[in-house]
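Participant: What follows is a single structure, and I will ask about it in a moment.
Where a number appears in this text, it was derived from the coordinates with a stated rule and is not lab data. Predicted, not measured: the structure shown is a model, and the values here were computed from it. Don't worry about glycine lacking a Cβ; one is built from the backbone with ideal geometry, like all the others, and counts go over all protein chains shown.
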Amino acid sequence: MENVRGARREEYGVVRSILLEAFRSDDEARLWDYLVLHDAALKPEHVRLALAGEQPVACTVLLPRTISTPRAPVAGAIVTLVACRPAYQRKGFGGATVKSTLQYMTDHGLSLGVLYGHPTYYPQFGFAPVMPKVLVSAQIDEFPTSDDTGLQPALPEDCEWMNGLYESQLGSCPCTTVRLTEPWMWQPRNQSKLQVFVTGDCSGYAFIEPSEDDMLVVREALCAPETEPSLLAALAHTARKAAKSHLQLKMPPAYPLSKLLLALGGDVTIPPATSGMAAVTRWEAVLPKGFSVVGDGLHHDGQLVMQADNHTLVQLVCGYHGIDEVSQIAGVSVMPDADRDHLRSVFQRYYPKLYEAPFWF
């Protein structure tokens, strides 16, 4: 299990073969192809390979990204494409690549990793659920619309203003990644599962997921201030054209379009976070000034203020819990002499404002 190293560029085909063997579809292999083709940040050493003898049998890929935290953007990474050849599964090879990935991040100044994966597997490596799948849904029978209100496929020249909307409205949400204006980052790699559309006046955009039921599923939708009714009318028009009777927005209820949907009779589902996870590899980058983590303790100016496990501390610094919620978790102890008002001010609760941003961005 100790034989883990970065890949070589000539092994990219081997990585693809591992992905094809490990999964039941070619989705992961297609994502790998897409990243190799487009992502200039991807380097061979970012692909951690576990070897059985001389044969690569498992991999994990890290994609360097700037990631928002409650305090400031930090250098981090998306951790993805964790895979192991079936004959070598449950023997520690896959886990070894995850550990190597986190150690690589630590060694190279990448402080926060985000991952979408099985919630019972990845916590052993330090990942904690922080990004919930919030759903705002409504029946659209009474929604305003008109025949000339609709959406059209986004074009490469739309990327700059779409990115501006994202950065101004959503990009500062904890655990979201800073996106680029390059067209590849705004063009979903699998058009059968997600497409991006814009309004005719270029005031808003929406990522729409195909669905087989009566729901138009919108993965992300943002627009210029005061144009939410127009974007909602465009989505309702699109839903009716597709014979859908309901609209589902996968965004937190605090965002303007979500609020409008709720005001028109929608409802919200806010389940606990599961597959959207984060791991901290360098605490000093994500903590407020004067705070540090030593073992299972949060310290302020060298004094212990709270005892909690790594899982809870990750949720605290990412804003999934505030200090008062953390205090109710079994095994957590806030020291009697700790300044709770100060702790509340620096560790605020952002859930359910946290957003499970589309995975490949």
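Participant: Charges only on Cβ, +1 for Lys and Arg, -1 for Asp and Glu: so what's the dipole of the chain about the Cα centre, in debye to the nearest 20?
Facilitator: Charge dipole of the chain: 920 debye, to the nearest 20.
Participant: Among the DSSP beta bridges whose two residues both lie in the chain, what percent are antiparallel, rounded to the nearest 5?
Facilitator: On the way: 57 of 65 bridges.
Antiparallel bridges: around 90 percent, rounded to the nearest 5.
Participant: Using the Kirkwood radius built from alpha carbon pairs, what does the Stokes-Einstein equation give as D for the range 99-190 at 25 °C and 0.890 mPa s, in µm² per second? Please report the intermediate quantities before stating the final value.
Facilitator: On the way: Rh = 17.3 Å.
The estimated diffusion coefficient comes to 142 µm²/s.
Participant: Sorted from fewest to most neighbouring beta carbons within 10 Å, what does the list Leu260, Leu37, Leu247, Leu112 look like?
Facilitator: Ascending Cβ contact count within 10 Å gives the list Leu37, Leu260, Leu247, Leu112.
Participant: What Rg and what Dmax come out for the chain when only alpha-carbon atoms are used, in angstroms?
Facilitator: For the chain, the Cα-based Rg and Dmax read 21.6, 65 Å.
Participant: Could you give each residue of the range 129-139 its phi-based ³J(HN,Hα) in whole Hz, using Karplus coefficients 6.51, -1.76, 1.60 with θ = phi - 60°, and x for Gly or Pro?
Facilitator: Whole-Hz 3J(HN,Hα) from phi for the range 129-139: x, 9, 10, x, 9, 7, 10, 10, 10, 7, 7.
Participant: Next question, about the same structure. Please compute the volume of the convex hull spanned by the alpha-carbon atoms of the range 156-307 and report it per residue in Å³.
Facilitator: Details: hull volume 25.5 nm³, N = 152.
Convex hull of Cα atoms, per residue: 168 Å³.
Participant: Something else: Less than 13 Å apart at the alpha-carbon level, and either on another chain or at least 8 residues along: which aspartates and glutamates does that give for Lys259?
Facilitator: Result set, ordered by chain and number: Glu226, Glu228, Asp267.
Participant: May I pose another question? Ratio of Rg to Rh for the range 285-346, alpha carbon only, Kirkwood?
Facilitator: Dividing the radius of gyration by the Kirkwood radius yields 0.89.
Participant: Could you tell me, in Å, what Rg and Dmax come out for the Cα atoms of the range 4-110?
Facilitator: Taking only Cα atoms of the range 4-110, I get Rg and Dmax of 13.7, 44 Å.
Participant: Would you list Cys223, Cys318, Cys159 from fewest to most Cβ contacts within 10 Å? Write out the running numbers ahead of the final one.
Facilitator: Numbers: Cys223 24, Cys318 29, Cys159 21.
Least crowded to most crowded, the residues run Cys159, Cys223, Cys318.
Participant: Here's another thing I want to ask about it. Is it possible to state the helix-based mean residue ellipticity at 222 nm for the chain, with each DSSP H run of 4+ residues giving -39500 (n - 2.57), the sum divided by total residues, to the nearest 500 deg cm²/dmol? What is it?
Facilitator: Values: 11 runs with 99 residues, N = 361.
The helix-only estimate for the chain comes to -7500 deg cm²/dmol at 222 nm.
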